[in-house]
Structures are given as structure tokens and as C-alpha cells.
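Please read the structure below before turning to the comments.
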Amino acid sequence: MKNIRETFRDMTPDEMREASREAEIDEWRASNRFCGRCGAEMKPHEDPSERALVCAKCGYTVYPRISPAVIVLVTKDDKVLLQRNTHYRGVVWSLVAGFVDPGESLEDAIRREAREEASIEVKDIRYFGSQTWPFPSNIMIGFRAEYAGGELKPDGEEVVESGWFDREHLPKIPRHGSIARAMLDAWIAESCKGEREEAMRLFEKCINTNDLELGRKLISETAAFDTPVSPTPLYGAEGYLSVVSLMRKSFPDVQWKLLDMVADEKTVAVQWECSGTFNGEAPFAGLKPNGRRFTTTVMNFYSFDADGKICNDVAATGIAGILQGIGALP
Ligand SMILES: [Zn+2]
């Protein structure tokens, strides 16, 4: 049978909010049956819209209280700090987290927890998001922070092991549904996105300079490209750049300018401005070079393999702009 935490983790966000509110209010009622000041019995507030318990004798009123806890994803260059806590069952690695002490700001709590649990200093604290956590009445408030100094050392009590991990070598991390996982997923996506964007900027350089060595770093050897110039697919950087070279025979000054891109973990959509003068030696689309210049915007989708290399290129719009530019199309 699933325990309450597991049940909670399997719920949708709406179900979670509802269940969490109920659980917190039940817990609050159960732990406030008697007045903390005089010990007399507590009664619900006369006004049912007021969620409060009032002491029948001295009038002391209590409202539900939430205890804030901070959770922070600390990064150092391209690595994330993960640690294994004694209170986790099994080997799950998670983030620095802890309750906010009285008199502390959230930022103070983050700095203190990083110091206490991991023996490091953090900076650039940014809000991520929050999640209600009714065990019993907590709210987890998530932040990102950067490593600022210190030698990583688990405290040995709450934390038994800690380390810096890159995206490719993560240990077992918390399940979906937890804020820790949401924060890690966001970091993973962001780190992939950064790498893909960097690869596309290099790719722009590669196709404009016909740099085969760079092409081999960026394009998968096994990537197959279907092109109108060959009845069979062309493979890898050689194949890709051979098409670019063919294009250059008709348009010696052809250039691609990366106008915009949207990247996620596996795909990048790029908007290129492609321009060139039709004054080369080779005909294009059955037309002889006529000295006309074209400028067109094209959109391509690039897929990346597990090694971070381009393994597919799909042009959403393409050749029509060139054909119009050189007068082959109206
Ligand atoms: Zn009282």
C-alpha cells in the first residue's frame, strides 16, 4: 500500500492543493484543541468565514500557521550540488533544504543551510517557485543560487554524502511531482539549451566557412541528409558540407546569418537569413547564372543525438525564396 507521501506525489497539482489544504487544516484543528495560553477548550470562530479557533475562556485566537522551508539548487559552472540525506529511504540525492528560523529572511536561511549542510557559501540567490508540503504545514520555497566559495563537505549528520554533478552523470534524483525534481528538470533543460545554442552558433560559422573539422565536431557521422542533389542520402559533415559547396558553385558568396533560434533539450529551431549572388559557374534549378541576388528567410529544425551532435536537419521553408530571388519563380 502506498503511504501518504507517495499518494500525494501521484496527484495532479489541483488535487495536491486541495488535499494539502484539507490535511493542513485537519492537522491544525487537531493540534489546537486547547488554548495555549490558559488551557481551556478552543471553539471555531463565530464567523464561519474566519478560519480561526477562539478560546472560550480568554478569547485567545489562533489561525492556521505555515512553516516556510527553503530548498536551493546550487550550481558551480555546469555542475549542480546534490546530496544524500540520512532521512531519505534508499539512495536518492537531493538539494540543500531546511526550515527558516525565527528572525531569518529566506535568503539568510539559504545561506545558513548551505553553510551547515554543505560547508559552502552561495551567492546570486534567485526565486524559482514554491510547493505546499502538508507534513504537517510546510511550504517549500525554491531558489537557485551560485556557488561562492568553500570546500564541499557533508555535515555527517543530516547529510551523509555530497558532490557536484554534471547533467550527464546525475545520480538517482527525486521523483516527478516534487519541487526538487522540478528545479532539477528546469536546470537540465536550461543547460541543454545553452549547449544547443552554442552548437548552432558554431554551425553558422561552419557552413559559412566550409570548415570540415568543425563540422565533424557538430554533425553526427551517421546523420543522413536527403537532398535534391543526390538520389541517396548524404552522410555526416562531409555530406552536409558537400551540399553547401554545391550551392557555392552557383552562389559563390552565399552566406547564412542566424537571425533567431529556439532551443530545447533535443531540438533547435533556427531562423536563417540566407543570401547570395547567382554569378557562379553552375546552373541552379535549371537556370543559368544571371547575376541576380537573393535574400530569403528560411527556417530549419535541427535534432541532436545523445552525444549532442546534429543528427537531422529539416527545412520548414526553403528553396522558394531562392527561386523567387533569382527569377525562376514569379
Ligand atoms: Zn485561553
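The table below gives the values:
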item: Enumeration of residues in region 34-56 that are more than 8 Å from the ligand (Cβ to nearest atom), assigned to a loop (DSSP other than H, G, I, E, B) and either surrounded by 12 or more Cβ atoms within 10 Å (Cβ to Cβ) or modelled with pLDDT of 95 or more (or both); result: His45, Glu50, Arg51, Ala52
item: Set Asp124, Asp77: member being in contact with an Asp or Glu (Cβ under 8 Å, 6 or more places away or on another chain) and either basic (Lys, Arg) or more than 30 Å from His45 (Cα to Cα) (or both); result: Asp124
item: Residues satisfying the stated conditions in region 147-183, i.e. over 14 Å from Asp78 (Cβ atoms) and assigned to a helix (DSSP H, G or I); result: Ile179, Ala180, Arg181, Ala182, Met183
item: Complete set of residues in region 57-92 that are within 16 Å of the ligand (Cβ to nearest atom), under 43 Å from the mean Cα position of the chain (by Cα) and in a strand (DSSP E or B); result: Val62
item: Matching residues, region 5-30, being surrounded by 13 or more Cβ atoms within 10 Å (Cβ to Cβ), of a type outside the set (Asp, Glu) and modelled with pLDDT of 85 or more; result: Ile25, Trp28, Arg29
item: Wholly enclosed helices (runs of 4 or more DSSP H) of region 211-330 bearing at least 3 residues within 29 Å of the chain's Cα centre (by Cα); result: 212-218
item: Sole residue being acidic (Asp, Glu) and in contact with an Asp or Glu (Cβ under 9 Å, 6 or more places away or on another chain), chosen from Glu158, Glu190, Glu198; result: Glu158
item: Output for region 65-107, where each listed residue is out of contact with any strand residue (DSSP E or B) (no Cβ under 8 Å at 6 or more places or on another chain) and surrounded by 13 or more Cβ atoms within 10 Å (Cβ to Cβ); result: Glu104
item: Residues within region 120-139 that are modelled with pLDDT of 95 or more and either in a loop (DSSP other than H, G, I, E, B) or among the hydrophobic types (A, V, I, L, M, F, W, C) (or both), tallied; result: 4
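The values are calculated or read from the model by the stated rules, or taken from the named source; none is laboratory data. The structure displayed is predicted, hence computed values, not measured ones. FYI the Cβ positions are ideal-geometry reconstructions off the backbone, even for glycines, and counts take in every protein chain you see.
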